[in-house]
Amino acid sequence: MTVYGTRPEAIKVAPVIKALEASDVLDSVTVVTGQHREMLDQVNEIFDITPDYDLDIFQHGSTLSTIVARVLERLDPVLEAEQPAAVVVQGDTSTSTAAALAAFHRQIPVVHVEAGLRSGNILSPFPEEANRKITSQIARLHLAPTSSNRANLERETVPPHDIVVTGNTVIDALLMTVAKQKPFSDDALEELAESGEDVLLVTTHRRENWGGAMEGVGRALSRLARALPHVRIVLPAHRNPIVREAVLPHLAGLSNVTVTEPLPYGEFTRLLSISTVVLTDSGGVQEEAPGLAKPVLVMRDNTERPEAVGAGTVKLIGTDEERIVNETLELFTDQTAYDTMSRAMNPYGDGRAAERSVAAIAQLTGTGTRHADWATGDVA
Ligand code: UDP
């Protein structure tokens, strides 16, 4: 049984669900919590997944505690009815940790996809760093994207045999999607794709950036729009009203800024593929963009995804307004700086993470044999 509730989880479990559906030895049951609503449904649609259960927990103004409480309460009867051999959760959201706990309470083995990421700061990203550490404590099988994620888990005394390095399923999802070259539903984006104009793609939503830091992001974007009139800034705005209220007022009336609704995943990956530079605080986008040779400036002070930083395609720049402006300007005006950062690489996976995940789950449930660990840097 796979349980998920937000857009990033849906993208990253979709390849696993597809591989479970194709398995001869495992049956797949899918449960969505609805922590996100439209952004989640969009992803299910693209991957042609119809959830078996929808816990429908979404409520405007939910707190982290109400989300966790509702998942615990509503998932328990589903676990009782289905008696799954294992429960698969992904990543570090409130949905995933609450679902892991609900399964643990019934002594159902928990499989953690994207295990072992650590920023080292319990308050950043918040609440994700704590969520993934809690899930690691109760998971039975840890599917780690990279060998450094495995090392993090081993440092926390997870038995090495309970860990399999799979690569990150986000690369499976990206490869399944980007090749399709989805047409944009927004004409402005279709025109942009045809124009060949330079594009600065921006996404922002991190909870620890809410408030002053996010206002600063809005001001930085407004300054960049004026300083780079030949560049099109595209911001698919997160649904969260707190994010919108902080950023959007700064962008009103700027003719080279396009604000869109959250884009369906297929369109987003296409936009990524035509972008020149990516400015983001997203986890998933940090993993996807290096595969498409896009320099990424990350508006955070730390990252649980150091691999691409080490390789030089991702740079941590924090949320200081001045620094965001200067670092972005540099990439648009200094060709050497740009070339240094724009090298195609996939430190996060080779597109076969779902296959390795399902083999490991089959072994856990006594119906198959796991594959060897993926060695970071292996190419499919
Ligand atoms: N994404 C999308 N449409 C958008 C913006 C992002 O499909 O308009 C995808 C993106 O490709 C990535 C994921 O959503 O796979 C990242 O989600 P988000 O930034 O919300 O969460 P995080 O990865 O930071 O947890």
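Sort out which residues of region 9-43 are within 18 Å of the chain's Cα centre (by Cα), within 21 Å of residue 69 (Cα to Cα) and surrounded by fewer than 24 Cβ atoms within 10 Å (Cβ to Cβ), and write them in order of number. Selection gives 34, 37.
Being more than 22 Å from residue 14 (Cβ to Cβ) and of a type in the set (Asp, Glu) is the filter; apply it to region 341-379 and report the residue that is surrounded by the fewest Cβ atoms within 10 Å (Cβ to Cβ). So the residue we want is 378. Looking across 267, 245, one residue alone is of a type outside the set (Gly, Ala, Ser) and within 11 Å of the ligand (Cβ to nearest atom). It is 267.
Scanning region 248-263 for residues that are assigned to a loop (DSSP other than H, G, I, E, B) and away from the ligand (no atom under 16 Å from the Cβ) gives 252, 253, 254, 255, 256. On inspection, residue 233 fails the criterion of being under 25 Å from residue 179 (Cβ atoms) and away from the ligand (no atom under 13 Å from the Cβ).
In region 276-380, counting only strands (runs of 3 or more DSSP E) that sit wholly within it, the ones holding 1 or more residues that are charged (D, E, K, R) span 314-316. Residues that are crowded, with 23+ Cβ neighbours inside 10 Å and within 16 Å of the ligand (Cβ to nearest atom): which helices (runs of 4 or more DSSP H) entirely in region 140-222 hold 3 or more of them? Ranges flagged: 169-178. For region 106-118, the criterion of being closer than 13 Å to residue 356 by Cβ, of a type outside the set (Ser, Thr, Tyr) and part of a helix (DSSP H, G or I) is met by none of the residues.
No value in this document is a laboratory result; all are computed from the given coordinates. What you see is a predicted model; the values in this text were computed from it and never measured. Cβ sites come from the backbone with ideal geometry, for glycine too, and all protein chains shown count toward neighbours.
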